[in-house]
1. How high is the FRET efficiency from residue 116 to residue 53, r the C-beta distance, R0 35 Å, rounded to 0.05?
2. Report the Cα centroid-to-centroid distance between the range 73-116 and the range 130-198 in angstrom, as an integer.
3. Among 78-86, 145-153, 132-140, what's the highest-first ranking by average C-beta atoms within 10 angstrom per residue?
4. When you take every Cα atom in the range 137-204, what is the radius of gyration, and what is Dmax, the widest Cα pair distance, in Å?
5. Please enumerate, by chain and number, the aspartates and glutamates with C-alpha under 17 Å from the C-alpha of residue 184, excluding those fewer than 8 residues away in the same chain.
6. Could you give the length gained on full extension between residue 60 and residue 73, defined as 0.36 nm per residue of separation minus the Cα-Cα distance, in nm?
7. How many percent of Cα pairs in the range 90-147 exceed 17 Å?
8. What is the gain in length, in nm to one decimal, between residue 25 and residue 190 on full extension, counting 0.36 nm per residue of separation less the C-alpha to C-alpha distance?
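Derivation of every value follows stated rules applied to the coordinates shown; laboratory data play no part. Keep in mind the model is a prediction, meaning the values are calculated, not measured. So basically every Cβ, Gly included, is an ideal-geometry build from the backbone, and we count neighbours across all protein chains shown.
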Amino acid sequence: MDEKIKKATRESFGEELERLGKENNKIVVLDADLSSATKTNIFAKSVPERFFDMGIAEQNMMSTAAGMSTCGLIPYVSTFAMFAAGRAYDQIRNSICYPKMNVKICATHAGITVGEDGATHQMIEDLALMRAIPNLIVMSTSDDTQTKWAVREISKINGPVYLRLCRLASPIIYNSEEKFEIGKAIQIGKGEDATVFATRNNSY
């Protein structure tokens with residue numbers, strides 16, 4: 001794949017979420033007044049009757065999503081990683097993950113990609129916070145191809161997922177034939193001296 005081609009994983013998320021929503025009427029989307037930034041506005045324009053702008057009330061949004069999941073819906077909840085993992089940690093832990101609710105938390109602007117918005121909006125510790133919660137699958141996608149696969153794949157999982165997305169455009173490194181597996185990393189380089197594990201979302 002030509003690494004000169006770049007695309008933000010939040011854009012990929014929004015596009016695939018719209019496609020998935022048209023195919024599956026159980027998909028509902030909740031956003032905390034950031035839909036133009038998280039790209040859930042793409043879904044909102046296409047399927048407005050299943051989009052809910054919850055305002056700047058992330059804790060309430062997580063609890064509402066948990067309630068919706070008990071009715072057989074599949075809520076995709078989106079806001080910045082700082083406000084999801086940070087502000088709504090209690091609700092994610094106690095209302096979603098411990099009871100194993102079928103909620104997909106899609107956190108954009110992870111890492112330091114928020115740049116000029118400053119440290120209050122940057123989030124690198126979300127991986128540590130979310131990884132420590134029982135029953136929660138944590139995923140951090142690398143590019144457009146992997147993100148679109150993940151958005152669709154997590155809808156098949158009956159349980160909570162934290163999907164980590166970035167703000168800025170990053171190189172597309174995988175082609176559409178690449179096979180991904182939840183819980184398994186992809187090796188993109190070979191060597192014998194060291195093994196480096198990396199997630200792209202911190203720096204781009």
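1. 0.90
2. 16 Å
3. Going by the mean number of other Cβ atoms within 10 Å, highest first, we get 78-86, 145-153, 132-140.
4. Both quantities, over Cα of the range 137-204: 12.8, 40 Å.
5. 143, 153
6. 3.0 nm
7. 47 percent
8. 55.1 nm
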